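Chemist: Here it is: the structure, laid out below.
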Amino acid sequence: MDPQIKPDMTNQTCSPDSCIFDEQTEYKRDLGLFESISIVVGRIIGSGIFRTPGPIMAAVSCTSLFALVWIIGGIVTIFHAVCYAELVAMMPRSGGPYVYLKTAYGSMVAFLRGWAMFFVSETGAIAAVALVFAEYLNEIWKIVSGVPLSHVTEILLALAIIWVLTAVNLFGVFMSGIFQNVFSILKIAAIGIIIGISFTAGGKVGNFLSPFLPAAFSWETIMAIGTALRLSFFAFSGWEGATYIAEEVKNPRKNLPLSLLLGIAGVLILFVATNLAYLYQLSPAEMAKSHGIAADAMKAAIGGVGGVLISVAVMLSTFGNVSTQILCKARTWQAMSRDGLFFDAMSPLHERFRTPNRALVAQASWASVILLALMAVYLTLDVRSSASYETIIAFFSATGTIFNLMTINSIFVFRKKYPNVTRPYKAWLYPYSVIIVSLLLGLYLVITLITAFIPSLVGLFLMSTGLIYYRWKQTSRKVTESVK
C-alpha cells in the first residue's frame with residue numbers, strides 16, 4: 001500500500017492493501033484468546049531459558065551483571081510489546097512487522113525486512129531452537145549410554161524436527177492451535193519442575209553473591225554486557241508471534257493486545273524464578289561452563305535421573321517452540337507474496353486447509369540450508385560444536401535490531417499520517433515508551449556490530465542482496481505493464 005493513500009475505513013469488499021486497517025480476510029479465524037496467549041508463551045519459551053543462562057554468565061562472570069542483563073532484556077521486551085499492542089490492534093493483518101513497515105515506510109523497506117527475516121533472522125531462529133532440541137536429546141544419550149552423539153548427528157536431528165513439524169502445520173491452523181495449547185502447557189510444566197525441585201532439593205544461597213561484582217569495570221565489561229544481551233534478547237524473543245497470524249485470530253483488536261501483554265507478563269515471572277533456581281543449584285563458575293543448564297541444575301539437585309527427566313521436558317518445550325515458529329513465520333512470506341513483493345509461488349493458500357503450504361516448505365528448506373552450512377563449517381574448521389547456537393544468534397542479531405527499531409518507530413509515522421484511524425489500544429507512556437526502547441536498542445546495535453562483527457556482516461550482506469531481487473521484481477513488473 002502506498003502510505004500516502006488514505007485507507008478505506010469501511011467494511012466494504014476491498015483488496016488486502018486498501019483494507020489494511022480492516023478485519024476482512026481470506027483466512028479462517030479459528031484461534032481464540034487462549035490460543036493466542038499459547039502462541040506468545042510458546043514462541044518465547046523455547047530454547048533460550050534452557051540454553052542462554054550459561055553463556056550469559058560466562059560473558060559477565062558475576063551475579064550482579066547477570067541480573068542486569070536479564071532486567072534490561074525484560075524492560076525492552078515490555079516496552080516493545082506496549083508499542084506492538086497499538087500496532088496490531090490498529091492493523092490486524094497477518095505478517096506482523098512486515099505489514100507495519102510496508103504501510104509506514106513503503107514497499108522497499110518492508111520487503112528488505114521480510115527478505116532479511118527469511119534468509120537471516122527467522123529461519124535462523126528456527127534452526128537454533130531445533131539445534132537445542134537435538135543438544136538435549138544428546139544430554140539424555142550421554143547420561144544413558146555414557147557416549148555423546150556427534151555434532152553432525154545433532155544437526156541431522158535438528159533437520160528432522162524442522163521437517164516433521166512443517167508437515168504437521170500443512171494440515172490447517174486448527175490442528176496447529178491445539179498443538180500450541182498442549183505444548184505451551186508442557187513448557188510451563190517443565191519450568192515448574194525446575195523451580196520446584198531446585199528450591200526443595202537443597203542448594204547454596206551463597207551462589208547469589210559469589211562473585212557479586214565484576215573484578216574490574218572497564219570498556220571490556222560494557223562489551224561483555226552487550227554480548228550477554230544478545231543472548232538475553234534472544235531468550236525473550238518471539239513474544240510478537242501472535243501478530244504474524246492476526247487474520248486467524250477471533251476478535252483480533254481485543255485478543256491480540258491482551259495475548260501480548262498477558263503472555264509476556266507470565267513469562268517474565270517464570271524467567272525470574274527459573275534463573276534464581278539455576279543459581280541456587282549451580283555456582284556462577286559452574287553456570288558459565290554449562291551449555292545444558294537445565295539438565296546440569298537437575299543433576300546437581302537430584303542426580304542423573306533428574307537430568308534425564310528435565311532433558312525430556314526441555315525437548316518437549318523446544319519441540320513446541322519450533323512448531324510455533326514454523327506456524328507463525330510462514331504467514332509473513334505468504335503475505336509478502338500476496339502483495340507481489342516476494343516469490344510468487346508462495347502466495348496461494350491450500351484450497352482445503354487454507355494454510356500457506358508453499359511458504360511453509362520454502363521456510364523449512366532455507367532453515368535446512370543454514371544448518372547444513374553450520375555442519376560444513378564444523379567439519380571443515382573443526383570448531384567447537386557448542387558454539388553453533390551462539391553463532392546462529394550472532395548471525396541475525398544486527399539485522400533484526402535494525403528492523404525492530406524501524407518497526408516501533410512506525411508508531412510516530414502512523415500517529416502523524418493516520419490520526420483518525422481507530423486505535424482500540426494506545427501505547428502506554430507514549431512517546432517515552434518508544435524513545436526508551438529505541439535508545440536501548442540503538443546502543444545494543446552498536447555493541448553487537450563491535451562484538452560480533454563477522455557474523456553481523458554476513459547477515460547484513462544477505463539482507464542487502466534483497467535489493468537486487470527487489471529492483472529486478474520492479475523492473476519486471478514495469479515491463480509487463482508496458483506490454484499490456
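Chemist: Compute and list, largest first, the equivalent-ellipsoid semi-axes of region 402-448 from the alpha carbon gyration tensor, each √(5λ) rounded to a whole angstrom. Spell out each step's value before the answer.
Modeler: Numbers: eigenvalues 112, 25, 10 Å².
Its equivalent ellipsoid spans semi-axes of 24, 11, 7 Å.
Chemist: Moving on. Dipole of the chain, Cα-centred, from +1 at each Lys and Arg C-beta and -1 at each Asp and Glu C-beta, to the nearest 20 debye?
Modeler: Around 780 debye, computed over the chain.
Chemist: As a quick test, which of the pairs LYS426/LYS473; LYS28/LYS416; LYS102/LYS416 have an alpha carbon distance above 26 angstrom in this structure? Please report the intermediate quantities before stating the final value.
Modeler: On the way: LYS426/LYS473 36 Å; LYS28/LYS416 33 Å; LYS102/LYS416 16 Å.
The pairs that break the limit, which is 26 Å between Cα atoms, are LYS426/LYS473; LYS28/LYS416.
Chemist: Positive end of the dipole of the chain, charges at C-beta (+1 Lys, Arg; -1 Asp, Glu), about the Cα centre: which of LEU157, ILE454, TRP141 has its Cα farthest in that direction?
Modeler: Of LEU157, ILE454, TRP141, it is ILE454.
Chemist: Just need the Rg to Rh number for region 280-420, please, alpha carbons only, Kirkwood Rh.
Modeler: Rg/Rh for region 280-420 comes to 1.09.
Chemist: While we're looking at this one, here's another question. If you look at just the Cα atoms of region 62-101, how large are its Rg and its Dmax in Å?
Modeler: In order Rg, Dmax, the Cα atoms of region 62-101 give 14.5, 44 Å.
Chemist: Over all Cα pairs of region 158-304, how is the pair count split among 5 Å bins, expressed in % and running from 0 up to the last occupied bin?
Modeler: Result returned by the calculation: 2, 7, 12, 16, 16, 15, 12, 9, 6, 3, 1, 0.
Chemist: Right, next: Only Cα pairs under 8 Å and at least 6 apart count here; give the relative contact order of region 266-342 as a rounded whole percent.
Modeler: Numbers: 32 pairs, mean separation 12.2, N = 77.
For region 266-342, the relative contact order is 16 percent.
Chemist: If you don't mind, there's one more thing I want to ask. Have a look at THR52, HIS80, TYR27 and report the one farthest towards the positive end of the charge dipole of region 13-105, computed about the Cα centre with Cβ charges (Lys/Arg +1, Asp/Glu -1).
Modeler: With unit charges placed on the Cβ atoms, the residue in question is THR52.
Chemist: Could you pull out the trypsin sites (Lys or Arg not before Pro) across region 425-482 that fall in loop regions by DSSP (anything but H, G, I, E, B) with no more than 15 other Cβ atoms inside 10 Å? Present the calculation step by step, with values, prior to reporting the outcome.
Modeler: Details: sites: LYS426, ARG471, LYS473, ARG477, LYS478; in loops: LYS426.
Sparse-neighbourhood loop trypsin sites (Lys or Arg not before Pro): LYS426.
Chemist: Rounded to the nearest 20 Debye, what is the dipole magnitude of region 330-484 about its Cα centre when Lys and Arg each give +1 and Asp and Glu each give -1 at the C-beta? Walk me through the numbers before you get to the answer.
Modeler: Working: 16 positive and 6 negative charges, 172 e Å.
In total the dipole reaches around 820 debye.
Chemist: Taking θ = phi - 60°, what integer Hz values does the Karplus form 6.51 cos²θ - 1.76 cosθ + 1.60 yield along region 441-447, in sequence order, with x for Gly and Pro?
Modeler: Each residue of region 441-447 in turn: 5, x, 5, 4, 4, 4, 5 Hz.
Chemist: Right, here's the next one. Put one equal scatterer on each alpha carbon of region 227-300, apply the Debye formula with no solvent term, and list log10 I(q)/I(0) at q = 0.17 1/Å to two decimals.
Modeler: Cα-only, vacuum Debye calculation for region 227-300: -0.76.
Chemist: Could I ask something else about it? Quick one, can you get me the convex hull of the C-alpha atoms of region 276-333 expressed as volume per residue in Å³? Don't jump to the answer; show the numbers that get you there.
Modeler: On the way: hull volume 5.5 nm³, N = 58.
Residue-normalised Cα hull volume stands at 95 Å³.
Chemist: What number results when the radius of gyration of region 107-220, computed over Cα atoms, is divided by 2.2 N^0.38 Å? Provide the component values of the computation, followed by the final result.
Modeler: On the way: Rg = 20.3 Å, N = 114, 2.2 N^0.38 = 13.3 Å.
Ratio of Cα Rg to 2.2 N^0.38 Å: 1.53.
Chemist: Can you give the Rg to Rh ratio for region 23-142, taking only C-alpha atoms and Rh from Kirkwood? Kindly include the intermediate steps, with their values, before the conclusion.
Modeler: Values: Rg = 17.9 Å, Rh = 17.5 Å.
Result: Rg/Rh = 1.03.
Chemist: For every helix of n ≥ 4 consecutive DSSP H residues, a contribution of -39,500 (n - 2.57) applies; sum these over the chain, divide by its total residues, and give [θ] at 222 nm rounded to the nearest 500 deg cm²/dmol.
Modeler: Working: 18 runs with 346 residues, N = 484.
Taking each H run of at least 4 residues, the total per residue is -24500 deg cm²/dmol.
Chemist: Dividing the convex hull volume of the Cα atoms of region 353-481 by its residue count, what figure in Å³ per residue is obtained?
Modeler: Working: hull volume 28.6 nm³, N = 129.
Taking only Cα atoms, region 353-481 has a hull volume of 222 Å³ per residue.
Chemist: Dividing the alpha-carbon Rg of the chain by 2.2 N^0.38 Å yields what? Show your work: numbers first, answer last.
Modeler: Values: Rg = 21.9 Å, N = 484, 2.2 N^0.38 = 23.0 Å.
Dividing the Cα Rg of the chain by 2.2 N^0.38 Å gives 0.95.
Quick note: the coordinates plus some simple rules give every number you see, no bench work behind them. Fair warning: this is a prediction, and the values are worked out from it, not measured in the lab. Note: ideal-geometry Cβ built from the backbone for every residue, glycine included; neighbour counts use all protein chains shown.
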